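The values are calculated or read from the model by the stated rules, or taken from the named source; none is laboratory data. The shown structure was predicted, so the numbers you read here are calculated from the model rather than taken from an experiment. Every residue, glycine as well, gets a Cβ built from its backbone with ideal geometry; the counts of neighbours run over all protein chains shown. The protein model used for the area step is the full one, side chains on, heavy atoms only, and it has no ligands, DNA or RNA in it. Shrake-Rupley method; radii C 1.70, N 1.55, O 1.52, S 1.80 Å.
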Amino acid sequence: MDGGGNLEAAIEQLLNVEKQMRLAGDVAGTKKAVTDILQLCFEAKAWKTLNDQIVLLSKRRGQLKQAVTAMVQQAMEYIDQTPDLDTRIELIKTLNAVSAGKIYVEIERARLIKKLAKIKEERGLIAEAADLMQEIAVETFGAMAKTEKIAFILEQVRLCLDRQDYVRAQILSRKISPRVFDADPSKEKKKPKEGENIVEEAPADIPSLLELKRIYYELMIRYYFHNNDYLEICRCYKSIYEIPSVRENPDQWIPVLRKICWYLVLSPHDPMQSSLLNATLEDKNLSEIPQFRLLLKQLVTMEVIQWTALWDNFKDEFENEKNMLGGSLGEKAAEDLRQRIIEHNIIVVSKYYSRITLKRLAELLCLSIQEAEKHLSEMVVSKSLVAKIDRPMGIISFQTAKDSNDILNSWAMNLEKLLDLVEKSCHQIHKETMVHKAALRV
């Protein structure tokens, strides 16, 4: 009790000093008085008194902004030294309430919210943690370091993915432009001009820009995996593959390159997929995994692929992906792989034939007539192929129907060519006549 009385007396004395300094407008003196009060409470382990004093000091009339900032920063150092979890939560909530709505302690508030969200997540309250994190819009904080902003937004995205809120995860992920990871951090930072916010240094526990790049793309892979968007997953792995630390270590780049190859094969045929496919084939590192080089080569070559032979060759590699980086390729991956091989074969057939019977197409694809028709129809609907089926005759025509404008243009070109020929002929006749007349005069 005696210790408690001494503490109260010491606090009372310092409060009087703080009042004098505050009314005199002495910033340094007020800051010192405020931090000394908190230090006394901390040394006495009087956590309830500490919370009460923080609230009291922040509400005093005409309290200086610098004093509130110093008080919040000082109290944040005590968070990790609290005796139990309940005391820690209580202190965080007190500081959160004090810093709410004050723009000069917005960065401290963001860090407090992050700590509180982590505690809630450890308790299994993921939805509450995600809701807490979404309250803070760090992209508007001018004084926060770029890496800390990115790390905070990535944490928001991760919590949304953990609670399977994919719509909000996508909205939050769009706050980060992938180009930000290509910036050169070694370049000198510009000195802030007068009137500009001074950007704070990021805390030591914030990862570097390249580490954040990897975390960002790993989270985006989780998001695209939910939608089975294979091409976007492939592009994310491609971005991870280009990180210098990954390129230098074969133990890291081989599993990533394997994933790039698999997701390229699983992606529907379109110009972006073809471009990535050719770019990957030119990669010298692909020679380290010849099996996958052969797989991509088969897709580029305009020849029909036998599904059974391909599956027998690659089934073990396909199953092994479960034990590799990034885990399984997905529940539908085997089915989608077969679908892509059928689509490739139909495109190959359309290149060699202008008309073919449905029966012959089914034989080439090793499918029943109904299945062949179904796959062909799906490709026509998705506009990856132009074809017409004459069902009574059982004939497929791969000829493209010409637009009326194209027909008129071709006619116009033909007429132009014809008129050119007539003009040249007239010119030649006239020339010959002139030569003949000249010969007669001689």
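Would you mind pulling out the separation of the Cα centroids of segment 234-300 and segment 368-415, in Å?
When both Cα centres are located, 33 Å separates them.
For segment 1-146, what is the accessible area per residue in Å² when the probe is 1.4 Å?
With the other protein chains kept in place, segment 1-146 gives 51 Å² per residue.
Taking the alpha-carbon distance from Lys388 and a cut-off under 27 Å, which lysines remain once sequence neighbours fewer than 8 residues away in the same chain are dropped?
Straight-distance partners of Lys388: Lys351, Lys359, Lys374, Lys402.
Rounded to the nearest 0.05, what FRET efficiency do Gln81 and His226 have when you use their Cβ-Cβ distance and R0 = 45 Å?
0.65
Provide the three semi-axes, in whole Å and in decreasing order, of the ellipsoid equivalent to the chain as defined by the square roots of 5 times the Cα gyration tensor eigenvalues.
70, 32, 19
Excluding Arg60 itself, calculate the net charge of residues whose Cβ lies under 9 Å from the Cβ of Arg60, where each Lys or Arg counts +1 and each Asp or Glu counts -1.
Neighbourhood net charge equals +3.
In square nanometres and to one decimal, what's the mean projected area of the convex hull around the Cα atoms of segment 355-442? Can you show the working numbers first?
Details: hull surface 40.3 nm².
Directional mean of the projected Cα hull area for segment 355-442 stands at 10.1 nm².
Excluding residues fewer than 8 places away in the same chain, name every one of the lysines whose C-alpha is closer than 26 Å to that of Lys45.
Lys19, Lys31, Lys32, Lys59, Lys93, Lys114, Lys115, Lys118, Lys120
Explain nothing, just the number: relative contact order of the chain, from Cα pairs under 8 Å at least 6 residues apart, as a whole percent.
Here the relative contact order equals 7 percent.
Rg to Rh ratio, segment 1-102, alpha-carbon atoms and Kirkwood radius?
Checking Rg against Rh, the ratio lands at 0.96.
Measure off, as a whole percent, the carbon and sulfur share of the 1.4 Å-probe accessible area of the chain, all protein chains present. Write down the numbers at each step before the final one.
Values: 13760 of 26240 Å².
So the carbon and sulfur contribution to the accessible surface is 52 percent.
Treating cross-link reach as a plain straight distance, find the aspartates and glutamates whose alpha-carbon is under 17 Å from the alpha-carbon of Lys417, omitting any fewer than eight places away in the same chain.
Correct list for Lys417: Asp406.
Taking 22 Å as R0, compute the FRET efficiency from the Cβ-Cβ separation of Ser245 and Glu282 and round it to 0.05.
For Ser245 and Glu282, the calculated efficiency is 0.45.
To the nearest 500 deg cm²/dmol, what mean residue ellipticity at 222 nm is calculated for the chain from DSSP H runs of n ≥ 4 alone, each contributing -39,500 (n - 2.57), summed and divided by the residues? List each step's numbers first, then the result.
On the way: 20 runs with 299 residues, N = 442.
Result for the chain, helices only: -22000 deg cm²/dmol.
Taking only Cα atoms, what is the 0 to 90° angle, nearest 10, from helix 146-162's long axis to the longest principal axis of the chain?
The angle comes out near 80 degrees.
Output the 0 to 90 degree angle, nearest 10, between the alpha-carbon long axis of helix 404-441 and the longest principal axis computed from the alpha carbons of the chain.
50 degrees
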